[in-house]
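Read the structure below first, then the notes.
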Amino acid sequence: MCIVSDSTVAPLYADQVKAELLKVTDHVCQFTFPAGEAYKNLDTVQDLFQCLIENGLDRKSLVVALGGGVTGDLSGFGAAAYLRGIDFIQIPTTLLAQVDSSVGGKTGVDFRQFKNMVGAFHQPRLVYMNMATLQSLPKREFGCGMGEILKTGLICDEEFFRFVCKNQSEISKLDLSMLSRMIRRCCEIKAGVVERDPKEQGERALLNLGHTVGHAVEKMKNFQLLHGQCVGVGLIAAAYLSMQRGLLTEEEYEEIRKGCHSYNLPLSVDSLNAGDVLAATKKDKKMEAGHIKFILMDGIGKSFIDKTVTDEELLQAIREILV
Ligand code: NAD
Ligand code: MG
């Protein structure tokens, strides 16, 4: 077995995981790479392969991804390609990885400036999460996970969205019973969507709610803001557009803004030009025959795919989140 982890997570948890694995196997090696998205690339995958080869891992060996989404994506992709595919398990240690990246089987790395451009679908044999790991997670990272969680509620579960907003104080204090309810429900929803549409032929695109504008902002801000924070403002833009179309009431729009704000997600971003953000949305992978597959909300918890959003509508929504 090989534990794959980054330079921040390995010192915190790798020894404990190793001790557990040594109860069932004699050989556990470890591959540690520098923390950060900048290392989710093919160079790191090559170093991982080198380590797997040097330690004699074979077709029956197991890769154990211990860390956030970067570690999970990179390890999963390495496992998918090594010897044409060996098993891997995920031990996600960020909220985002627990509710989002460890579910669904998408793995991969960034290629040059292109995010998640090279990858494979490879399901983990097991996802094990210990919510106590969230205690060492920086607040900003926790907020990012909350951006994706709020998104999940907005897509298809009004009651869940309201539960998450109502219990903000317990959730932020890492109350274990609240956390486990929230994480479980979020994984159930994502797993359900993915099971019905594993390769994103249709419904899975709903998971991109807030991501068209979110990704554009992320890029234009040169990745100074974290992904979940950009998803937060993207949700607000999508909600605004939905309100303009008469699909959301003003109260619902405000409720969504309040929900994001309560988890310290930004409601707006500065120093950007609306036209530039619009241009960046066009470079998103989620285009089909020249049309953006935009996700709109027909009320809270009822999202749908729409291909008729005009540049003018999108511009207005983008202006709404710029200061
Ligand atoms: P990450 O893995 O970089 O983790 C964020 C930071 O937190 C890192 O510095 C990490 O070292 C640190 N960290 C992790 N766990 C910690 C802990 N318990 N205590 C203290 N520090 C800890 O990033 P992330 O936000 O977890 O994931 C983002 C990545 O996930 C992106 O690359 C994104 O593309 C990917 N992603 C993939 C999918 C998918 O379906 N495969 C879905 C969403 C996101
Ligand atoms: Mg996302």
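The 1.4 Å probe gives accessible areas that order His215, His261, His27, largest first, as His27, His261, His215.
Taking 24 Å as the straight-line reach from the Cα of Lys293, the lysines in range (excluding those fewer than 8 positions away in the same chain) are Lys106, Lys115, Lys151, Lys190, Lys199, Lys219, Lys221, Lys282, Lys283, Lys285, Lys302, Lys307. Shown for the chain are the DSSP H helices of 15 Å or more along their axis, judged by Cα atoms, with a mean Kyte-Doolittle hydropathy of at least 0.5: 42-54, 69-81, 227-244. For the residues Lys18, Lys221, a 1.4 Å probe over the protein chains yields an accessible-area ranking, largest first, of Lys18, Lys221.
Once you have the Kirkwood Rh of the chain from its Cα pairs, apply Stokes-Einstein at 4 °C and 1.567 mPa s and quote D in µm²/s.
Values: Rh = 20.2 Å.
This corresponds to a translational diffusion coefficient of 64 µm²/s.
Heavy-atom accessible area for Asp306, with the other protein chains in place and a 1.4 Å probe, reaches approximately 20 Å². In segment 42-189, Cα pairs under 8 Å separated by at least six residues give a relative contact order of 20 percent.
Please label the shape of segment 152-236 as rounded, prolate or oblate, based on the square roots a ≥ b ≥ c of the eigenvalues of the alpha-carbon gyration tensor (a/c under 1.5 means rounded; beyond that, a/b larger than b/c means prolate, else oblate).
Values: a/c = 2.19, a/b = 1.16, b/c = 1.89.
Oblate shape, in that a/c is at least 1.5 and b/c is the bigger or equal ratio.
If packing is taken as the mean number of other Cβ atoms within 10 Å per residue, what is the order of 60-72, 40-52, 98-110, 4-16, highest first? Don't skip to the end; give the middle numbers.
Values: 60-72: 25.0, 40-52: 16.8, 98-110: 23.3, 4-16: 18.5.
With the highest mean Cβ count within 10 Å placed first, the list reads 60-72, 98-110, 4-16, 40-52.
Against the 2.2 N^0.38 Å scaling, with N counting residues, where does segment 125-167 land? I'd like the Cα-based Rg ratio to two decimal places.
1.35
Jot down the per residue volume, in cubic angstrom and as a whole number, of the convex hull over the alpha-carbon atoms of segment 70-122.
It comes to 71 Å³ per residue, whole-number rounded.
For the chain, relative contact order (Cα pairs under 8 Å, six or more residues apart, normalised by length) works out to 14 percent. Relative to its residue count, segment 136-194 spans a Cα convex hull of 80 Å³ per residue.
Annotation: the antiparallel percentage among DSSP beta bridges lying fully within segment 4-154 is about 25.
Accessible surface for the chain, divided over its residues, is 46 Å² per residue with a 1.4 Å probe. The translational diffusion coefficient of segment 195-296, from Stokes-Einstein at 10 °C and 1.306 mPa s with a Kirkwood hydrodynamic radius over alpha carbon pairs, comes to 111 µm²/s.
Relative contact order, percent, of segment 140-227 when contacts are C-alpha pairs under 8 Å separated by at least 6 residues? Once normalised by length, the contact order is 28 percent. The ratio of the alpha-carbon radius of gyration of segment 247-323 to the globular-protein estimate 2.2 N^0.38 Å is 1.19.
Shape analysis of segment 62-189 based on the Cα gyration tensor places the equivalent ellipsoid semi-axes at 27, 15, 13 Å, largest first.
Would you mind counting up the charge near Tyr82? Only other residues with Cβ under 13 Å from its Cβ, with Lys and Arg at +1 and Asp and Glu at -1. Combined, the nearby Lys, Arg, Asp and Glu give -1.
Going highest first, how would you order 179-190, 222-233 by mean Cβ packing within 10 Å?
Numbers: 179-190: 18.5, 222-233: 22.0.
Final packing ranking: 222-233, 179-190.
Take the Cα of Arg245, step 7 Å toward its Cβ, do the same at Glu158, and the gap between the two points is 1.8 nm.
If the viscosity is 1.567 mPa s and the temperature 4 °C, what translational diffusion coefficient in µm²/s does Stokes-Einstein give for segment 1-133 when Rh comes from Kirkwood over Cα pairs? Write down the numbers at each step before the final one.
Details: Rh = 14.3 Å.
The diffusion coefficient I find is 91 µm²/s.
In this label model, Asp276 and Thr25 are separated by 4.7 nm, measuring between points 7 Å along each Cα→Cβ vector. You can think of it this way: the chain between Asp43 and Gln113 has 23.8 nm of extra reach, that is 0.36 nm per residue less the Cα-Cα gap. Taking the chain as a Gaussian network, Cα atoms linked when under 10 Å apart, which of Leu272, Leu74, Leu154 shows the biggest mean-square fluctuation? Of Leu272, Leu74, Leu154, the most mobile in the Gaussian network model is Leu272.
Out of all DSSP beta bridges in the chain, what portion is antiparallel? Express it as a percent rounded to 5. Before the final figure, lay out the partial values.
Values: 11 of 30 bridges.
For the chain, the DSSP antiparallel bridge percentage is about 35.
The values are calculated or read from the model by the stated rules, or taken from the named source; none is laboratory data. Keep in mind it's a predicted model, so treat the numbers as computed, not measured. A quick note on method: Cβ atoms are made from the backbone with ideal geometry, for glycine too, and the neighbour counts reach across all protein chains shown. We work out accessible area using only protein heavy atoms, side chains counted, and drop any ligands, DNA or RNA first. Shrake-Rupley method; radii C 1.70, N 1.55, O 1.52, S 1.80 Å.
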